[in-house]
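A quick write-up on the structure given underneath.
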């Protein structure tokens, strides 16, 4: 990772207008400040600002302001970068059909999310929540826990995050099957999903949100899983039919679950998800380690320099499928 | 792992008296039953039974009955096997000086304990306990957590368990230093301990309890550690001066700790250790996965056959140092 202050904006950067959406607190735009025209926008201003912008930096992955404003009148940025792995919050048919290049934050979240998933797996196997509760009660109660090595996981999503999760679990001796949109070397296609779910101790959702993945974890999927299985979602909330997950937990179709993402974020205080036995709820934080905002900024500045110099960008999203295709 | 029913006791086994200490519930002694004279003993009977026994199986690692009864009058078993990694609970000068062979359960606990430690590290890095508490309060509060890859660990104890912990942490990208009784290839000697503690994010105690290690984690050691460091004890409780650990946590000399072992076990309900902020208390269970008792029994039966056939035993403890020496 290059230090931000070492990044030299290409001369062309002077003539560029950069629109930064929903940056709170504003990212440290280092070398660009003073050398590029920078506009800060939000939901109320973006429709008006888009025609002026050459480049759009989408800083807030919770906002769907781009999707709503993009189809409006006037010129559109030639490049959109989102400081997230998923692009579901910004894509709309008009953006897909346009010549605008969309890039994402591939490279930033993989290791943190893989560690987070490994932590959830180990915490469940070793029954840390039970230990916590017994400690609160000052009770010494020995239990036998689960050996993770030799268990089986299915990781749904064969992009960089799914692959990082798979690699980390393999390092713990877990037998991992990876599933993706289509079968290819080392990746199972959708036709294998149900039988794989049936044999899995751990099921990890790490897929992008697309028309093909929306709601894929429903009653049928949870019904296929084993009563001892554990479900983890670090992808997008809409991959899961939450009502079906609740029902699967209540009926003990599955043994437990951890959700870091939700249909609606932030999760409202009155949501029934907060106190379901066996369900861990966390606030969309699995990938966010100390320093992540700096890393995202540095990555954007590196891409900006390439773009301003007319060089090819990495992390270009295939807008028709909704993620960066991996070539392997 | 051979199935117990496949183990064929050598002919000599018929003439052998096996004393099984503190087996509750009794281990499944499979093929030995009916072919070997088996005595079951406890604290109140062992002194009387020892002279009759050729072999002693110490099933309960919490009891120090052997250490107390061994110096008494009469013949002594020629072989003692303990269903534990540590032998501190049974060693006494008379046993050390004798010709009796002592073996341990090397091979059973390594992976489970390494997984447990990795789970504690990830749970602390990802702040799972805070997430748990916020979930209880139905509060959506995003936090930045810690990247584990690239952090530094010191694992104290270079035996099979310490090595397994080191390998698992390395698999997560942690930079691991291993320390032991003497410096050798890949292992730091005691002279390096203090500087290593000063630079460590994670300090894992996985050493056997010996005269050299008793109380080694004291005010001086905790004082050397960093305020962000996390201390984990999966070795023996007496490695730690608990009062000094409490004080180090209160004064924030270290950031947190997890104890699976204690000076006195079980930990009494009135112990101050149960509710120290930042301290995780678990009931000596890090190595005990489902099936562990069967694995321990199978291991003993395999060793018994070797012994009855006059073959060399694996897992022989160097009684002078108190553990199985590794040759590497």
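See the values below:
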read-out: Directionally averaged shadow of the stretch A:81-153, computed from the convex hull of its alpha-carbon atoms, nm²; value: 8.3 nm²
read-out: Quotient of Cα Rg and 2.2 N^0.38 Å for the protein assembly as shown, N being how many residues it contains; value: 1.12
read-out: Helix axis angle, A:110-125 relative to chain A longest principal axis, alpha carbon, degrees; value: 10 degrees
read-out: For residue A:264, label point 7 Å along C-beta direction: distances to other copies, nm; value: 5.3
read-out: Inter-chain Cβ neighbour average for residues A:170-177, partner chain, 10 Å; value: 3
read-out: Residue of chain B whose Cβ sits closest to the axis mapping B onto A, with distance in whole Å; value: B:171, 2
read-out: Listed residues A:275, A:42, A:288, most fluctuating in chain A (Gaussian network, C-alpha, under 10 Å); value: A:275
read-out: Alpha carbon Rg of the stretch B:189-272, scaled by the compact-globule rule 2.2 N^0.38 Å; value: 1.02
read-out: The stretch A:110-281, relative contact order [Cα under 8 Å, separation at least 6], %; value: 17 percent
read-out: Residue of B:171, B:278, B:287 that the Gaussian network model of chain B assigns the largest fluctuation, springs spanning Cα pairs under 10 Å; value: B:171
read-out: Order of B:127, A:68 under a 10 Å beta carbon neighbour criterion, fewest first; value: A:68, B:127
read-out: Measure of compaction for the stretch A:107-148 (Cα Rg per 2.2 N^0.38 Å); value: 1.50
read-out: Inter-copy separations for residue A:136, label at 7 Å along Cα-Cβ, nm, ascending; value: 0.3
read-out: Position residue A:321, label points 7 Å along Cα→Cβ, spacing to each other copy in nm (shortest first, one decimal); value: 5.5
read-out: Proxy reagent accessibility, fewest Cβ within 10 Å first, across B:133, B:110, B:24; value: B:24, B:133, B:110
read-out: Shielding score for B:146-152, defined as the mean number of other chain Cβ atoms within 10 Å; value: 4
read-out: Angle between chain A longest axis and helix A:292-308 axis [Cα atoms, degrees, rounded to 10]; value: 40 degrees
read-out: Helical contribution to [θ] at 222 nm, DSSP H n ≥ 4, -39,500 (n - 2.57), averaged over chain B, rounded to 500; value: -7500 deg cm²/dmol
read-out: Residue-averaged beta-carbon neighbours from other chains (10 angstrom radius) around B:278-290; value: 5
read-out: Proxy reagent accessibility, fewest Cβ within 10 Å first, across B:140, B:59; value: B:140, B:59
read-out: Chain A: angle of helix A:160-171 to the longest principal axis, Cα-based, in degrees nearest 10; value: 40 degrees
read-out: Convex hull of the stretch A:110-281 built on C-alpha atoms - directionally averaged projected area, nm²; value: 10.2 nm²
read-out: For chain A, Kirkwood radius (reciprocal of mean inverse C-alpha pair distance, Å); value: 21.2 Å
read-out: Debye log10 I(q)/I(0) at q = 0.09, 0.14 Å⁻¹ for the stretch A:64-185, Cα point scatterers; value: -0.44, -0.78
read-out: Counting all C-alpha pairs of the stretch A:175-232, share separated by more than 18 Å (%); value: 29 percent
read-out: Gyration tensor verdict on the stretch B:256-315 (Cα atoms; rounded if a/c is under 1.5, prolate if a/b is larger than b/c, oblate otherwise); value: prolate
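Every number here is computed from the coordinates shown, using simple stated rules; none is lab data. Everything quoted here is computed from the prediction, not taken from an experiment. Here the Cβ is made from the backbone with ideal geometry for all residues, glycine too, and neighbour counts use every protein chain on show.
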